[in-house]
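Worksheet for the structure shown next.
The values are calculated or read from the model by the stated rules, or taken from the named source; none is laboratory data. As the structure is a prediction and not an experimental result, all values here were calculated from the model. As a convention, Cβ positions derive from the backbone with ideal geometry for all residues, glycine included, and neighbour counts pool all protein chains shown. Ligands, DNA and RNA are stripped out before the accessible areas are found, and what is left, the full protein with its side chains, is counted by its heavy atoms. Shrake-Rupley method; radii C 1.70, N 1.55, O 1.52, S 1.80 Å.
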Amino acid sequence: MTAVLDATPTSLADWTRHAAEIRPRSGIYIDGDFRAARSGATVDSVNPATGEVLAAVASAQDADVDAAVVSARRAFDDGDWSRSAIGDRKRVLLRLAELITENSIELALLDSLDMGKLVTEAYAVDVPSAAGLFAYYGEALDKINGEIAPTEPGNLALVTREPLGVVGAVTPWNFPLDLAVWKLAPALAAGNSVVLKPSERAPLSSLRLAELATEAGLPPGVLNVVPGLGETAGAALGRHPDVDVLAFTGSTATGKRFLRYAADSNLKQVWLECGGKSPNLVFADADLDSAVEKTLFGAFYNQGAVCSANSRLLVQKSVADEFVAAVVARAQEMRPGDPLDPAAAQGAIVDEAHTRHILGFVDRARRDGQIQAGGQRVSINSAGCFVEPTVVTGLGPSAELITDEVFGPVLAVQTFDDEDDAVGLANSGIYGLAASVWTADLRRAHTVAARLRAGTVSVNTVDALSAQTPFGGFKQSGFGRDLSLHALDKYTGLKTTWIAF
Ligand code: NAD
């Protein structure tokens with residue numbers, strides 16, 4: 001790949017030319033090197049926009065996961081990383097941030113080809129965010145102090161943060177690079193070793209990232225990557241008796257499994273970032289033009305495969321007809337296209353099974369609701385997995401499109417009378433990841449935000465997010481927080497060292 005610091009590609013032809021140069025890594029990454037699964041098993045990585053097989057990726061089984069954990073433990077105990085000088089660790093993380101930036105084109109393409117997202121979004125948003133996060137935690141390292149607790153005279157009680165040991169990280173397919181980095185950057189900065197199990201639907205960027213980490217100076221074994229199926233590689237990591245912490249992002253159903261794995265093995269700490277069905281509340285006094293644009297972004301960005309997607313639109317009745325008509329008109333313009341085409345408004349759905357899963361929701365919704373926009377599979381170049389942005393109205397509060405996460409480009413619309421009604425609808429259901437509120441009234445913004453059971457409330461925007469702010473859920477959206485300095489809480493243990501003089 002000759003992409004290093006090439007000029008930004010600007011056309012479908014540019015991106016297609018770069019894509020032809022991609023040579024995906026396909027092994028299990030242990031001790032700073034790739035190897036095949038001991039069983040020889042592989043899982044094909046398929047481009048959902050074309051159906052083309054990109055790579056036969058090694059499928060890790062119990063023995064491979066065990067080898068990765070043994071390597072991570074040895075690296076942790078050796079101390080080359082876990083007990084290294086803060087300045088050395090910082091240099092490696094900052095160098096890794098640089099290498100990610102230097103390989104932006106390749107990393108963006110790996111995610112786009114692997115799971116169908118628009119390459120321009122991967123390049124402009126995901127890759128810079130990944131680099132920025134390694135820089136953020138690298139920079140944080142020499143600015144965090146320990147504590148001295150108050151004691152009686154003649155004593156000194158030091159409170160320090162210690163790395164926990166071997167962290168297992170299990171990640172989903174929707175932002176393959178970024179969500180791996182959300183775990184890796186704070187876990188590595190804290191001095192842990194990590195075994196990463198990326199989604200079998202999009203493992204390629206994680207494998208390349210591990211190689212870049214070694215190039216940046218991370219000692220072998222500190223980051224191992226075990227691609228493979230959830231029920232084999234994921235379960236093996238969840239059940240492994242020598243993993244100290246399991247940090248998971250994925251569906252609520254799978255998150256519950258990890259709690260069981262921990263209870264049945266070594267009581268490892270488990271941190272869960274799970275699903276959502278986030279409401280977007282639009283009051284009549286809001287800037288409705290901005291609200292329309294952000295409603296579309298909140299519902300359809302990344303083909304709706306965003307854990308905090310604003311997949312429920314709640315509009316005040318007095319403006320509902322006008323507002324929904326504007327959303328429908330704009331949704332009809334957002335045509336899916338080749339994910340490598342900078343002119344496409346939507347990319348591909350990750351695979352055939354998920355495409356059918358999304359269309360199943362839409363078909364069942366035809367019975368009770370009205371499909372106002374979209375609702376169809378689209379054929380791009382007569383191949384691939386593409387679904388139109390879809391808007392559904394007329395659903396009752398217990399309809400599955402209101403209660404269940406679709407993880408696709410499907411927006412369900414409800415209407416409300418007043419604040420109490422809006423909050424009641426918004427807080428219904430099992431999830432509590434994110435919510436948005438649109439209003440010009442400062443009192444209403446504060447009071448409604450305070451009443452919403454959501455880890456992030458965005459006011460007059462959607463899906464507000466930064467490296468500096470914690471991200472995670474209430475209720476069955478999980479617990480623990482990614483991003484910000486609070487993420488370090490998951491990867492460190494507090495130690496008290498008490499000295500009596
Ligand atoms: P998923 O739960 O199917 O898979 C997530 C990971 O768990 C994958 O690596 C998978 O291989 C593994 N896994 C699956 N079954 C397993 C099992 N039986 N044992 C062990 N591991 C197993 O989720 P997905 O389809 O990859 O991702 C979509 C889900 O992720 C959505 O629910 C979405 O909301 C959620 N998500 C949450 C956040 C967040 O920060 N809260 C962010 C992104 C995605």
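Annotations
- Measuring between their Cα centroids, the stretch 186-255 and the stretch 18-32 lie 16 Å from each other.
- Protection proxy ranking of 394-407, 110-123, 449-462, by the mean of other Cβ atoms within 10 Å over each peptide's residues and highest first, is 110-123, 449-462, 394-407.
- Taking θ as phi - 60° and the Karplus parameters 6.51, -1.76 and 1.60, the scalar couplings of the stretch 220-225 work out to x, x, 6, 10, 10, 10 Hz in sequence order, x denoting glycine and proline.
- All other residues whose Cβ lies under 11 angstrom from that of Pro219 are scored, Lys and Arg at +1 and Asp and Glu at -1, for a net of -2.
- Net charge, Arg481 excluded, C-beta distance under 11 Å - Lys, Arg +1, Asp, Glu -1: -2
- Legend: distances between Cα atoms for Lys143/Lys490; Lys294/Lys317; Lys183/Lys475; Lys268/Lys475; every pair falls at or below 23 Å.
- Near Thr249: Cβ cut-off under 9 Å, other residues only, Lys/Arg at +1 and Asp/Glu at -1. The net charge is -1.
- Part-to-part distance (alpha-carbon centres) for the stretch 262-333 and the stretch 435-449, which is given in Å: 16 Å
- Kirkwood estimate for the chain, i.e. one over the average of 1/r between Cα atoms, Å: 23.4 Å
- Rounded to whole numbers, the Karplus 3J(HN,Hα) couplings from phi for the stretch 398-406 are 9, 4, 5, 5, 8, 9, 9, 6, 8 Hz, using 6.51 cos²θ - 1.76 cosθ + 1.60 with θ = phi - 60°, and x at Gly and Pro.
- Ranked packing of 299-309, 265-275, most packed first, by mean Cβ within 10 Å: 299-309, 265-275
- Lys, Arg +1 and Asp, Glu -1 on Cβ, resulting dipole of the chain about Cα centre, debye, nearest 20: 920 debye
- For q = 0.08, 0.10, 0.17 Å⁻¹, Debye-computed log10 I/I(0) when each Cα of the stretch 12-274 counts as one equal scatterer: -0.31, -0.48, -1.32
- The chain, accessible surface, carbon-and-sulfur percent (1.4 angstrom probe): 53 percent
- Of Ile499, Ser193, Ala55, farthest towards positive along the dipole that unit charges on Lys, Arg, Asp, Glu beta carbons give the chain: Ile499
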